[in-house]
1. Ser27 is checked against (1) in a loop (DSSP other than H, G, I, E, B); (2) of a type in the set (Ser, Thr, Tyr); (3) modelled with pLDDT of 85 or more and fails just one. What number does that condition carry?
2. Based on this model, can you work out whether Gly32 counts as assigned to a loop (DSSP other than H, G, I, E, B), free of Cβ contacts under 8 Å to residues at least 24 places away in the same chain and closer than 16 Å to Ala68 by Cβ?
3. So the check is Cβ under 8 Å with 6+ separation or different chains; which pairs have a first residue in the range 52-76 that's within 20 Å of Val28 (Cα to Cα) and basic (Lys, Arg) and a second one that's at pLDDT 80 or above and buried (at least 16 other Cβ atoms within 10 Å of the Cβ)?
4. For the range 1-27, which residues satisfy the criterion of being among the β-branched types (Val, Ile, Thr) and within 13 Å of the chain's Cα centre (by Cα)?
5. In the range 24-60, which residues are basic (Lys, Arg) and open to solvent by 100 Å² or more (accessible area, probe 1.4 Å)?
6. Residues being surrounded by 13 or more Cβ atoms within 10 Å (Cβ to Cβ) and either touching a strand residue (DSSP E or B) at 6+ places or on another chain (Cβ under 9 Å) or part of a helix (DSSP H, G or I) (or both): count how many of those fall in the range 1-23.
Amino acid sequence: MNRIGRKAIIHVAELSDRAAVKEIIPSVVKQGFKPDILVNCAGIQRRHPSEKFPDEDWDDVRRICLGAPANRADKLMNVR
């Protein structure tokens, strides 16, 4: 990536913490970066028989695997 003049940074955040998720893009921008691409490499998995899947576990999976990336993508659009 460096050969073509690009730079990648890693920003670690607790995606189960809504406040931490909301701070990802502002934190990167405060460091002087203007993100072009956001890669989410996080997720969780819960295993239960489908007929016994607890609502709390389903909420966790949706919040972390779907909600956090969608919220950050929306925030990234506002940086441009």
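1. Here Ser27 clears every test but (1).
2. Details: assigned to a loop (DSSP other than H, G, I, E, B): yes; free of Cβ contacts under 8 Å to residues at least 24 places away in the same chain: yes; closer than 16 Å to Ala68 by Cβ: no.
Against the criterion (assigned to a loop (DSSP other than H, G, I, E, B), free of Cβ contacts under 8 Å to residues at least 24 places away in the same chain and closer than 16 Å to Ala68 by Cβ), Gly32 does not qualify.
3. Arg72/Val21; Arg72/Ile24; Arg72/Ile25; Lys75/Ile24; Lys75/Ile25
4. Initial filter on the range 1-27 (among the β-branched types (Val, Ile, Thr)): 4, 9-10, 12, 21, 24-25.
Result: Ile10, Val12, Val21, Ile24, Ile25.
5. If we filter the range 24-60 for residues that are basic (Lys, Arg), which is where we start, we get 30, 34, 46-47, 52.
Hits for the range 24-60 are Lys30, Lys34, Arg47, Lys52.
6. From the range 1-23, those surrounded by 13 or more Cβ atoms within 10 Å (Cβ to Cβ) are 11, 13, 15-16, 18, 20-23; that's our starting set.
Going one step further and asking which of them are either touching a strand residue (DSSP E or B) at 6+ places or on another chain (Cβ under 9 Å) or part of a helix (DSSP H, G or I) (or both), we end up with 18, 20-22.
Total satisfying the criteria: 4.
The values are calculated or read from the model by the stated rules, or taken from the named source; none is laboratory data. Keep in mind the model is a prediction, meaning the values are calculated, not measured. Every residue, glycine among them, receives a Cβ derived from its backbone with ideal geometry; neighbour counts consider all protein chains shown. Ligands, DNA and RNA are stripped out before the accessible areas are found, and what is left, the full protein with its side chains, is counted by its heavy atoms. Shrake-Rupley method; radii C 1.70, N 1.55, O 1.52, S 1.80 Å.
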